[in-house]
1. Cβ under 15 Å from Glu64's Cβ, Glu64 left aside: what net charge do those residues give with Lys, Arg +1 and Asp, Glu -1?
2. Counting other beta carbons within 10 Å of each residue's own, what order do Val172, Val295 fall into, fewest first?
3. Most exposed first by the Cβ proxy, i.e. fewest other Cβ within 10 Å, how do Lys49, Lys372 rank?
4. Rounded if a/c is under 1.5, else prolate if a/b is larger than b/c, else oblate: which is the range 108-181, with a ≥ b ≥ c the root eigenvalues of its Cα gyration tensor?
5. Using +1 at the C-beta of Lys and Arg and -1 at the C-beta of Asp and Glu, which of Ser287, Ala307, Thr318 has the Cα lying farthest in the positive direction of the dipole of the chain?
6. Dividing the alpha-carbon Rg of the chain by 2.2 N^0.38 Å yields what?
7. Debye calculation, C-alpha points only, no solvent: report log10 I(q)/I(0) for the range 15-55 at q = 0.20, 0.34 Å⁻¹, in the same order as the q values.
8. Which of Thr256, Thr24, Thr60 has the fewest other C-beta atoms within 10 Å, and how do the rest follow up to the most?
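We did not get these values from a lab; they are worked out from the coordinates using the rules stated. It should be emphasised that the depicted structure is a prediction, and the values quoted were computed from it without experimental measurement. In this analysis, Cβ positions are derived from the backbone assuming ideal geometry, glycine residues included, and neighbour counts consider all displayed protein chains.
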Amino acid sequence: MTVTPRHLAQELDLLRVRARRFVTDEMAADAFEPRCDSWLVGFDPSFSKRLAAAGLVGMTIPREFGGAGLAALHRFVVIEELLAAGAPLAAHWFAERQIGPALLRHGTRALQDEWLPRIVRGEASFAVGLSEPAAGSDLAAVRTRAVPVDGGHLISGTKTWSSNAHRADAIVVLARTSSEGRRHQGLTQFLVRLPDDSVRISPIPSLDGRHHFNEVTFTETFVADGDVLGAVGAGWSQVVTELSFERSGPERYLSTMPLLRTVVAELPRLRTTDQVRLGELLAHLGSLRHMSEQVARSMMNGSAPDAVAASVVKDLGTRFEADSVDLAHALAARVPDPSPRLVRLLREARVQAPGFTLRGGTNEILRTIISKELLR
């Protein structure tokens with residue numbers, strides 16, 4: 001077991017207090033409305049900029065680009081507080097969580113100089129172009145192609161489930177640049193700047209009519225050589241690392257926390273059976289938090305998350321989220337006069353719940369990753 005040095009523990013405690021105070025002040029000013037899945041559906045650029053001005057965005061980005069140069073554990077502490085409160089994080093979430101680290105690892109100095117300071121200031125919104133309509137959960141079945149031309153590539157194909165692409169400044173696209181070799185070979189990542197006349201972004205409304213998912217179609221979209229992210233043909237290994245960032249964080253078990261906290265607060269009393277169910281759920285939460293925190297600790301030296309550990313966190317975390325919605329629904333049925341907030345949060349959670357075990361890789365895909373490692 002890794003023991004946190006006392007000075008680091010104190011530093012993290014102070015940072016947590018700072019983040020909690022920021023959220024408390026924002027809520028007192030009615031600056032945002034708590035939401036479930038706030039990192040995905042809570043798009044508020046002004047909040048992102050205020051959070052950045054408080055030094056709570058891009059903390060792991062080096063000081064030379066305007067960041068704090070801190071470790072993954074520092075970001076872990078801050079986003080725990082933000083997610084538990086249901087703060088609107090979607091405007092900067094993908095940029096900070098995975099695009100920033102990808103730029104640091106694979107981006108040219110020009111791309112780093114352009115985008116990393118904007119990420120730190122909460123001014124850059126990114127979308128991710130991985131999934132495709134006919135590929136299901138098989139990410140290697142990429143059909144979007146990038147053909148080399150003078151000065152760059154022309155991208156043609158369609159991506160789906162790209163959250164907030166209609167609001168993004170850029171989308172990072174995985175495209176096939178070669179048909180030779182195995183399916184995982186010949187893939188490359190491109191940074192496509194938006195808006196672009198050759199890019200059509202079509203909404204995919206949720207069951208409640210809201211819009212954050214999109215289908216994105218590229219028709220010979222020109223991407224300059226300078227906007228290739230990493231090496232041509234190295235896209236698969238890069239994406240696997242980025243998915244580990246996506247799968248291992250607190251968003252995999254805290255997305256429904258605003259709902260759970262609200263329903264418990266509004267119940268006149270907890271029955272013994274309720275206490276048992278809630279206790280079991282919170283014990284599960286404690287285990288998940290420890291696992292996720294250990295992944296963050298393993299990244300203290302700047303390394304990427306372990307893919308297997310990240311897969312375990314997401315598999316267990318998304319099932320926990322579904323269980324928490326079921327429990328909240330059962331408890332809410334006994335609230336005599338539920339507040340509009342409770343009703344709204346419960347509806348939001350029910351709409352989002354089917355995606356818990358799909359986004360970022362289905363549970364079946366995750367278990368395949370885990371089993372292959374166990375058999376190795």
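1. Working: positive: Arg63, Arg109, Arg118, Arg121; negative: Asp113, Glu114.
After counting each charged neighbour, the total is +2.
2. On the way: Val172 27, Val295 22.
Ascending Cβ contact count within 10 Å gives the list Val295, Val172.
3. Values: Lys49 16, Lys372 10.
With the fewest neighbours first, Lys49, Lys372 line up as Lys372, Lys49.
4. Working: a/c = 2.46, a/b = 1.39, b/c = 1.77.
Oblate, since a/c reaches 1.5 and b/c is not below a/b.
5. Working it through, the farthest residue towards the positive pole turns out to be Ser287.
6. Values: Rg = 20.7 Å, N = 376, 2.2 N^0.38 = 20.9 Å.
Cα Rg divided by the expected 2.2 N^0.38 Å: 0.99.
7. Calculated log10 I(q)/I(0) at the listed q: -0.65, -1.24.
8. Thr24, Thr60, Thr256
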